[in-house]
Amino acid sequence: MEAYQSFAQVYDLFMKEVPYDEWVEYIEEIWGKFGCDPKLVAELGCGTGNMTTLFAKKGIEMIGIDVSEDMLSIAREKALKNNVDILYLHQDMREFELYGTVDCIISVCDSLNYITDREGLLQTFKWVNNYLNPKGLFIFDLNTEYKYKYILGENTFAENLDEAAYIWDNYYSEEDGINEYQLTLFIKQPEKDYYSKFEEIHYERMYSIEDIKSLVEEAGMEFLAVYDAYTFEDPKENSDRIYFVVREKGK
């Protein structure tokens with residue numbers, strides 16, 4: 001089954017503790033640090049639209065791109081509920097198309113780790129450079145090898161709520177840098193007394209800082225900085241998430 005089909009139904013339920021407001025503030029701090037005052041921003045891997053909605057409520061024109069139509073359906077409903085106008089595009093990040101250039105492109109919550117081949121990530125970076133305005137910023141995060149090896153590793157996670165439950169098994173291969181998530185979901189059916197079982201398999205790839213620097217250069221962009229997530233400090237040995245700041249070059 002394609003990732004984020006069944007999971008889309010309960011994604012926000014299980015992600016309710018995620019501090020999206022703080023993530024928005026952190027990206028705004030990065031904008032300030034690098035002199036960026038964007039009016040039009042695109043998000044790659046926007047999911048159910050939590051970040052796009054928050055930025056749109058601040059008056060920024062937003063475009064959300066995701067490969068999961070199920071996630072986008074929820075994002076569109078969220079935009080209507082919050083009375084914000086957001087353009088959502090059902091596209092693969094590796095071959096996304098916009099109607100023109102934008103001031104900034106963001107990608108959070110390890111969305112780019114889902115691109116498991118180097119050429120696919122390189123192509124994504126090339127499209128980013130193509131659709132950024134001159135000197136526009138590309139801000140994205142990635143899970144680290146430390147997280148895959150020592151936090152996720154061979155571990156199993158589970159959560160049981162009234163509306164749904166999940167079992168999440170992880171398998172990390174150091175040889176190819178791939179983490180496999182086996183996700184089993186039990187979702188209560190509306191107005192029913194039973195739960196339906198769904199299964200999805202997700203794959204993410206670890207990219208080192210050196211990998212990203214090489215890809216950024218090959219894509220024609222300028223590498224600006226890498227930080228331990230939500231700080232302006234250098235990544236540490238035990239950083240589980242890191243942020244990259246890249247600038248358009250060539251226009």
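The values are calculated or read from the model by the stated rules, or taken from the named source; none is laboratory data. It should be emphasised that the depicted structure is a prediction, and the values quoted were computed from it without experimental measurement. So basically every Cβ, Gly included, is an ideal-geometry build from the backbone, and we count neighbours across all protein chains shown. SASA here: full protein model, heavy atoms, side chains in, ligands and nucleic acids out. Shrake-Rupley method; radii C 1.70, N 1.55, O 1.52, S 1.80 Å.
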Using only the Cα atoms of the stretch 71-137, construct the convex hull and provide its projected area averaged over every direction, in square nanometres to one decimal. 5.2 nm²
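Do the sum for the chain: with -39,500 (n - 2.57) for every DSSP H run of n ≥ 4, divided by all residues, what is the mean residue ellipticity at 222 nm, to the nearest 500 deg cm²/dmol? Write down the numbers at each step before the final one.
Working: 6 runs with 68 residues, N = 251.
Helix contribution divided over all residues of the chain: -8500 deg cm²/dmol.
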Rg/Rh for the stretch 180-226: what does it come to with C-alpha atoms and Rh from Kirkwood? 1.40
Checking Thr53, Thr231, Thr124 against a Gaussian network model of the chain (alpha-carbon springs below 10 Å), the top fluctuating residue turns out to be Thr231
Under 19 Å Cα to Cα from Lys81, which aspartates and glutamates show up? Leave out anything in the same chain fewer than 8 places away. Asp12, Asp21, Glu61, Glu69, Asp70
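Could you work out the Rg to Rh ratio of the chain, with Rh taken as the Kirkwood radius (inverse of the mean 1/r over all Cα pairs)? Before the final figure, lay out each step's value.
Working: Rg = 18.0 Å, Rh = 18.8 Å.
Here the Rg-to-Rh quotient is 0.96.
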So what's the angle, to the nearest 10 degrees on a 0 to 90 scale, between helix 20-33 and the longest Cα principal axis of the chain? 10 degrees
Compute the acute angle (0 to 90°) between the alpha-carbon long axis of helix 118-131 and the principal axis of greatest extent of the alpha-carbon atoms of the chain; round to the nearest 10°. 60 degrees
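When the solvent-accessible surface of protein heavy atoms is calculated with a 1.4 angstrom probe, in what order do Glu222, Glu210 fall, highest first? List each step's numbers first, then the result.
Details: Glu222 65, Glu210 125 Å².
Ranking Glu222, Glu210 by accessible area, largest first, yields Glu210, Glu222.
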Determine which residues of the stretch 21-54 fall in the zone a paramagnetic label at Asp85 would reach in this model, i.e. backbone nitrogen under 15 Å from the point 7 Å along Cα→Cβ. 40-41
What does the net charge come to around Leu132 if you take all other residues with beta carbon closer than 13 Å to its beta carbon, with K and R at +1 and D and E at -1? +2
Per residue accessible area of the chain, 1.4 Å probe, in Å²: 49 Å²
Stokes-Einstein at 37 °C, 0.692 mPa s, Kirkwood radius from Cα pairs: D for the stretch 134-251 in µm² s⁻¹? 196 µm²/s
Can you spot the lysines whose alpha carbon is less than 20 Å from Lys188's alpha carbon? Ignore those fewer than 8 places along the same chain. Lys16, Lys197
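Do the alpha carbons of any pairs in Lys33/Lys249; Lys33/Lys78; Lys39/Lys78 sit beyond 26 Å of each other, and which pairs?
Details: Lys33/Lys249 18 Å; Lys33/Lys78 30 Å; Lys39/Lys78 21 Å.
Beyond 26 Å: Lys33/Lys78.
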